[in-house]
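Working notes, structure below.
The values are calculated or read from the model by the stated rules, or taken from the named source; none is laboratory data. Note that this is a predicted model, so its numbers are computed, not measured. Backbone-built Cβ (ideal geometry, glycine too); neighbour counts: all protein chains shown.
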Amino acid sequence: MSATVLQVLDATIVNVALPTIQGNLGANFDEGAWIVTGYIIAAVIVIPLTPWLQRLMGRRNYYVAAIVASRSPRRSAARPARWNSSSSTASCKACAAAA
């Protein structure tokens, strides 16, 4: 239940933050829409795989891996902009948030 609430909350955050993301990346509306699309695609891929991955890795290990995956893009976002690939950072965040 709480995972579903967090997924809906994450999707809402992405949609609300879209104008800010577009401004920071210098993206127009169509390019910004790809950010949301990438997030949705990542969620659609990861959510059905979650039970299988939990059986494969164990629930605790899967949970820890999801936390680590969600933290790595945040760390890279703290580095200077010239070190980041904005599209890969956005993709990593979407994939990790979907987990």
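Below is a table of values for the structure above.
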read-out: Positions within the range 37-67 being farther than 19 Å from Thr4 by Cβ and either in a helix (DSSP H, G or I) or hydrophobic (A, V, I, L, M, F, W, C) (or both), in sequence order; value: Thr37, Gly38, Arg55, Leu56, Met57, Arg60, Asn61, Val64, Ala65
read-out: Residue within the range 79-90 that is at pLDDT 80 or above and loosely packed, with under 13 Cβ neighbours inside 10 Å present; value: no
read-out: Leading residue by the ranking (surrounded by the most Cβ atoms within 10 Å (Cβ to Cβ)) among those in the range 47-64 that are over 14 Å from Ala11 (Cα atoms) and in contact (Cβ under 8 Å) with a residue 12 or more places away in the chain; value: Tyr62
read-out: Qualifying residues in the range 1-40 (those that are in contact (Cβ under 8 Å) with a residue 24 or more places away in the chain and among the hydrophobic types (A, V, I, L, M, F, W, C)) - the one surrounded by the most Cβ atoms within 10 Å (Cβ to Cβ); value: Ile35
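The rows are residues; the columns are (1) modelled with pLDDT of 80 or more; (2) basic (Lys, Arg); (3) touching a Cys at 6+ places or on another chain (Cβ under 9 Å).
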position	(1), (2), (3)
Met1	no, no, no
Leu6	no, no, no
Val14	yes, no, no
Ala33	yes, no, no
Leu53	yes, no, no
Arg60	yes, yes, no
Arg71	no, yes, no
Ser76	no, no, yes
Cys92	no, no, no
